[in-house]
Amino acid sequence: MNIRTRLTLLFVLLVASILLLFTVSVYYLYDQFRQQEFEQRLEEKAFITVRLREDVGEVPRADLPVMANEQVTIYNDRGDVLYSQGQQRPRLPVTSEFLNSITVRQSRYIRIGELEAVGIRFINSRKEPLLIIASGNDRYGFSKLDRLRDILLSGWLLSLVIVGIAGYLFATDALRPVAELIQQVNAISATNIHMRLHVGRQRDELADLARTFNDLLSRLEEAFVSQKSFVSHASHELRTPLTVMMGQIEVTRLQARSASEYELAFDGLLDEVKSMIRLVNSLLDLAHASSDATTLHCQPTRIDELLWQAQSHILQKKQSCQIDIDFESLPDKEEDLVILAEGSLLQTAFQNLMENGCKYSTNGRVSVRIALGVGRVQVTVSDTGFGIPPADLPHIFEPFYRSDNTMTINGHGIGLALTQRIIMLHRGQITVESVMGKGTTFRITLPVVRSQLSSPTSLLDTDSTRIA
């Protein structure tokens, strides 16, 4: 059942229930009014009859209003019939309990079938208590009640038809923006993901839904464009060393060469293979860092140990690098340097920054400083290179992006993108400042373990796959 039909049925049921309650209430209240009115007429009939009998000695029927199947019976206090007007025998079975329940202040009403009766107590001039039972059939009142019932029932059924049509039109109008949204969403695909939803009514819940969906589309478009760019650049970076390797192999096979020439060719191939391995490992690290934070295996780790390990790993590969690690202020407690982190990933981030500083500095010198704050620790990595142009600063964290002045230096443009993603996974921040001709400074801010434990995150173990 679609929403339009369900809304129509619910609307009809709601209004039908309200109308039915109103109809039953009107019928019930009018029935009570008819009963009270006829009860009053019976009381008047009883009083007039007994007073005429006491004052005149007889009851002239021609002068009294006549009711259908009327009967007036007068009893003494012992229950004997003193007078009966109407049929010879009482139509209603009057019991002694009913007669005894009648008082001067309180009359009694009884109904059997279509006959209704009222009993009153009257004290005559001789101080004798008399009981008068007046009964009759309110044929006129019941006729009006039946007519009212037919009118109410017919009106209720007609109202159901009108309400059903009105409910269907109301549901159609209410769901028209939804149908328009569905049509617009169906028109959006990978080829026109830039399209956005438009809603005519700008101040209702559907407009909020459209804006939320547009925000989702913007995030998806950004991820889609980034993915396409990543795949394109990755394919290009992988194809280049493969093409070089294939060219070297084909050239080497053209003619017989000496052992030294073969060794030289193999050295070139080995360099390209190592370059490809570094690229693939960087892509794997980037894919790992791009996963959900809940898949990380975070443990309490001292940040100074990660920095020393990163420094040692770089110096093993490039002994010409000079990496100075210094503390601006030593903490009183060692646990102030402890953070929740996946050590291998965060060490990779520090290595990338140190290695870039060595690579782009004229003297290969990098300065690393650790500063402590309230609930956080800040790591500053500075170099004395030729700096980053201001136009390139907004793009340096994009995968495979490289400035024009770095094209002559070996690299793939993945390191900074990987570093930023790793820092974000650890709920940290990274900023960059660069002055042309003087150098570049990266600042990383991470929460210490105390602040991280105040809002724990469920973490799962995962193994990082790398190519050796």
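The values are calculated or read from the model by the stated rules, or taken from the named source; none is laboratory data. From a predicted model like this one, the values you see are computed outputs, not experimental measurements. Ideal geometry is used to build each Cβ from the backbone, glycine not excepted, and the neighbour counts take in all protein chains shown.
In the set (1) in a loop (DSSP other than H, G, I, E, B); (2) modelled with pLDDT of 80 or more; (3) of a type outside the set (Gly, Ala, Ser), the condition left unmet by Leu82 is number (1). Do we find a residue being assigned by TED's automatic domain parsing to the domain that holds Gln319, touching a His at 6+ places or on another chain (Cβ under 9 Å) and in a loop (DSSP other than H, G, I, E, B) anywhere in the stretch 340-352? Taking every residue of the stretch 340-352 in turn, at least one turns out to be assigned by TED's automatic domain parsing to the domain that holds Gln319, touching a His at 6+ places or on another chain (Cβ under 9 Å) and in a loop (DSSP other than H, G, I, E, B).
Considered as a group, the residues in the stretch 335-372 that are acidic (Asp, Glu), surrounded by fewer than 22 Cβ atoms within 10 Å (Cβ to Cβ) and within 44 Å of the chain's Cα centre (by Cα) include one that is farthest from Met436 (Cα to Cα), and that residue is Glu335.
When we screen Gly136, Gly141 for residues that are part of a helix (DSSP H, G or I) and closer than 30 Å to Gln35 by Cβ, the only hit is Gly141. Once the stretch 168-201 is narrowed to residues that are in contact (Cβ under 8 Å) with a residue 40 or more places away in the chain and within 27 Å of the chain's Cα centre (by Cα), the residue that is farthest from Thr8 (Cα to Cα) is Val178. Contact map, the stretch 320-335: residues that are at negative phi paired with residues that are at pLDDT below 70 and of a type in the set (Lys, Arg), Cβ distance under 8 Å, separation 6+ or inter-chain. Pairs shown: Glu335/Arg450. Considering the stretch 43-67, the residues that are outside any helix (DSSP H, G or I) and of a type in the set (A, V, I, L, M, F, W, C) include one that is modelled with the lowest pLDDT, namely Leu64. Comparison of Leu315, Leu353, Leu330, Leu345 shows that the only residue that is over 17 Å from Asp383 (Cα atoms) and either modelled with pLDDT of 75 or more or touching a helix residue (DSSP H, G or I) at 6+ places or on another chain (Cβ under 8 Å) (or both) is Leu345. Pairing each residue of the stretch 353-381 that is in the same structural domain as Gly415 (by TED's automatic domain parsing) with any residue that is basic (Lys, Arg) and modelled with pLDDT of 85 or more, provided the two are 6+ apart or on different chains, yields C-beta distances under 6 Å for Thr380/Arg369; Thr380/Arg443.
Count of the stretch 208-238 residues, restricted to those that are at pLDDT below 80 and of a type in the set (A, V, I, L, M), is 5.
If you check Asp404 against the conditions, is it surrounded by fewer than 18 Cβ atoms within 10 Å (Cβ to Cβ), modelled with pLDDT under 70 and over 25 Å from Glu305 (Cβ atoms)? Taking the combined requirement at face value, the residue satisfies it.
Pairing residues of the stretch 254-271 that are on the phi < 0 side of the Ramachandran plot with residues that are among the hydrophobic types (A, V, I, L, M, F, W, C) and not in a loop (DSSP other than H, G, I, E, B), at Cβ distances under 6 Å and at least 6 apart in sequence or on separate chains, gives Leu269/Met245.
A single member of Leu169, Leu157, Leu209, Leu130 is surrounded by 13 or more Cβ atoms within 10 Å (Cβ to Cβ), outside the structural domain of Gln36 (by TED's automatic domain parsing), outside any loop (DSSP other than H, G, I, E, B) and of a type in the set (A, V, I, L, M), and it is Leu209. Give the number of residues within the stretch 101-120 that are in contact with a helix residue (DSSP H, G or I) (Cβ under 9 Å, 6 or more places away or on another chain) and not in a loop (DSSP other than H, G, I, E, B). Within the stretch 101-120, residues that are in contact with a helix residue (DSSP H, G or I) (Cβ under 9 Å, 6 or more places away or on another chain) and not in a loop (DSSP other than H, G, I, E, B) number 9. Kindly establish whether Val244 is modelled with pLDDT of 75 or more, among the β-branched types (Val, Ile, Thr) and surrounded by 15 or more Cβ atoms within 10 Å (Cβ to Cβ). Considered against the rule, which asks whether it is modelled with pLDDT of 75 or more, among the β-branched types (Val, Ile, Thr) and surrounded by 15 or more Cβ atoms within 10 Å (Cβ to Cβ), Val244 comes out as yes.
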